[in-house]
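See below for the structure under consideration.
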Amino acid sequence: SYSSDDGFAVMDYLAVNSELGDWEDIGAIAQQFDLMVDLVINHVSSEHAWFQQFKAGEKPGCDYFVTADPNTDLSHVVRPRSSPLLAPTETVNGTKYVWATFSHDQVDVDFSNPDVLLEYVAIILFYVQAGAKYIRLDAIGYLWKKLDTACIHLPETHAVIRVLRELLQMIDPEISLITETNVPNRENLSYFGNRNEAHMIYNFSLPPLMLNALLQGKSEHLKTWMMSMPPAPLGCAYFNFTASHDGIGLRPAEGLLTDEEYTQLLDTVQRFGGEISMRQRSDGSESPYEMNISLFDALKGTVRGEDQWQVERFICSQTIMMSVEGIPAFYIHSLLATHNDYEGVKRTGRKRSINRHSWDYEQLMAHLENPQSDHARVFNELRHLIDIRQKQGAFHPNATQYTLHPLNPAIFAFWRQSMTRNQSIFSIHNLSDQVQELSLKELNLIVTDPWCDLISGIVVSDLQSKFVLKPYQSAWLTNKY
């Protein structure tokens, strides 16, 4: 149960929203699917029993929260929000100023108290008993607080992750940890540790760079980023996504876009109905933190304005996500091509509600049963692509990936090779609203193998010819089909 932020201000970690079901229902889901549980580990709701105990001076909650003198210099602390860091709270011992990284309804817990760690271990074990196979650690980077530091990515935070991984390894080696750290790319990569921390890390640079590439119609920055990405350690993987319940993060794109393109990106998103959320910097100024918009609507046009290619452009974005090294993750509103939810924003007063629409089941089914609707077109095509993808060894999370450099800047292309080295897939994508040609001589198509595009079914017989791509068309050229 929760008090705000659509579940990320937890009042009770062990309670299920009765409107949705109970633990028996979750157990039934776990019998059919690999269940992921989202553990909001950095903070609890201000209505949580622990925080009520804190205010009353009662055990154990009175020792579970971080407080600071409001006169303390906290300018070193990295902030994901523009709200005040310290929340004044009336307690039986007078006014206390508690640490609240995200909002005053989301109060940070104190992991320097070992009892707090034990509380969360017990919660994780409960989830494992309920059938969880994946544990997502929400906002884990902010876990440990130490004055005169940035209070993000501290060594103690990494140590906690290693402890949790070791614990889960002893209980069930099949359980995986996923860290959610919406930060610049180099910082994000640190959460693999030495193959002893996260099994998967969110690939946070992909969403803003993907969006920018499709709005600009060129592959330059996607290629630069892909070339800089090290292969995930064996047994670990990138968790690839393009949209989520949060906005499209901008910090992971820091240093990867030109100033002009960065400005165009923000302007275009706002022109397509989105909003920009800010964060507070160490000098007290504010800077953009994330873009709040439905990804489907973010791709309704280019930097030049809206056009007729929204569905094709969106499918291209999801096909790229399915192709790059790692495990693809679809946000439900991407599968369903959900539009901006302006009513949700008005109702909650939160910008993130624009991409957290709650569908009426009957209304949704009516859309999906209409083959002409954007919802049905996207949903059916993605199901088709997923069905193709899951049969390809070259799309294994640890399969080889190599960035290609076609002369045409509108084409984004890379090579995947299966771990057994018997299948190659050349993943080719037209990022523009114009027909583009790719000379097959630019690819390393082995002459002794037959080649076919898995998506269109076209067999390539002349390896010296030009491969023609319609606007936003993708191709998976493979030697094994």
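Could we say that Ile354 is β-branched (Val, Ile, Thr), surrounded by 15 or more Cβ atoms within 10 Å (Cβ to Cβ) and in a helix (DSSP H, G or I) here? Taking the combined requirement at face value, the residue satisfies it.
Of all the residues that make up the stretch 237-271, how many are in contact (Cβ under 8 Å) with a residue 60 or more places away in the chain and either under 19 Å from the mean Cα position of the chain (by Cα) or under 14 Å from Leu211 (Cα atoms) (or both)?
Looking only at that region, the number is 16.
Looking only at the stretch 1-50, residues that are more than 19 Å from Arg350 (Cβ to Cβ), crowded, with 17+ Cβ neighbours inside 10 Å and over 25 Å from the mean Cα position of the chain (by Cα) come to 2 in all.
Scanning the stretch 404-448 for residues that are of a type in the set (Asp, Glu) and out of contact with any Asp or Glu (no Cβ under 8 Å at 6 or more places or on another chain), we see that the one that is modelled with the highest pLDDT is Glu437.
Please determine whether any residue of the stretch 422-431 is free of Cβ contacts under 8 Å to residues at least 40 places away in the same chain and touching a Lys or Arg at 6+ places or on another chain (Cβ under 9 Å). Break it down stepwise before answering.
To start, the set of residues in the stretch 422-431 that are free of Cβ contacts under 8 Å to residues at least 40 places away in the same chain comprises none.
So far as the stretch 422-431 goes, no, none of its residues is free of Cβ contacts under 8 Å to residues at least 40 places away in the same chain and touching a Lys or Arg at 6+ places or on another chain (Cβ under 9 Å).
Taking the stretch 277-302 as the range and being at pLDDT 95 or above and over 18 Å from Val183 (Cβ atoms) as the test, the residues that pass are Asn292, Ile293, Ser294, Leu295, Phe296, Asp297, Ala298, Leu299, Lys300, Gly301, Thr302.
Scanning the stretch 302-335 for residues that are part of a strand (DSSP E or B) and at positive phi turns up just one, Gly305.
For the structure I just gave you, tell me whether Ile135 is more than 24 Å from Asp22 (Cα to Cα), surrounded by 16 or more Cβ atoms within 10 Å (Cβ to Cβ), under 23 Å from the mean Cα position of the chain (by Cα) and assigned by TED's automatic domain parsing to the domain that holds Ser190.
Criteria not met by Ile135.
For the stretch 178-196, enumerate the residues that are surrounded by 23 or more Cβ atoms within 10 Å (Cβ to Cβ), modelled with pLDDT of 95 or more and touching a helix residue (DSSP H, G or I) at 6+ places or on another chain (Cβ under 8 Å). Scanning the stretch 178-196 gives Thr179, Tyr191. The residues of the stretch 160-184 that are in contact (Cβ under 8 Å) with a residue 60 or more places away in the chain and part of a loop (DSSP other than H, G, I, E, B), listed by number, are Asn182, Val183, Pro184.
The values are calculated or read from the model by the stated rules, or taken from the named source; none is laboratory data. The structure presented is a predicted model; accordingly, all values stated were derived computationally and were not measured. Ideal geometry is used to build each Cβ from the backbone, glycine not excepted, and the neighbour counts take in all protein chains shown.
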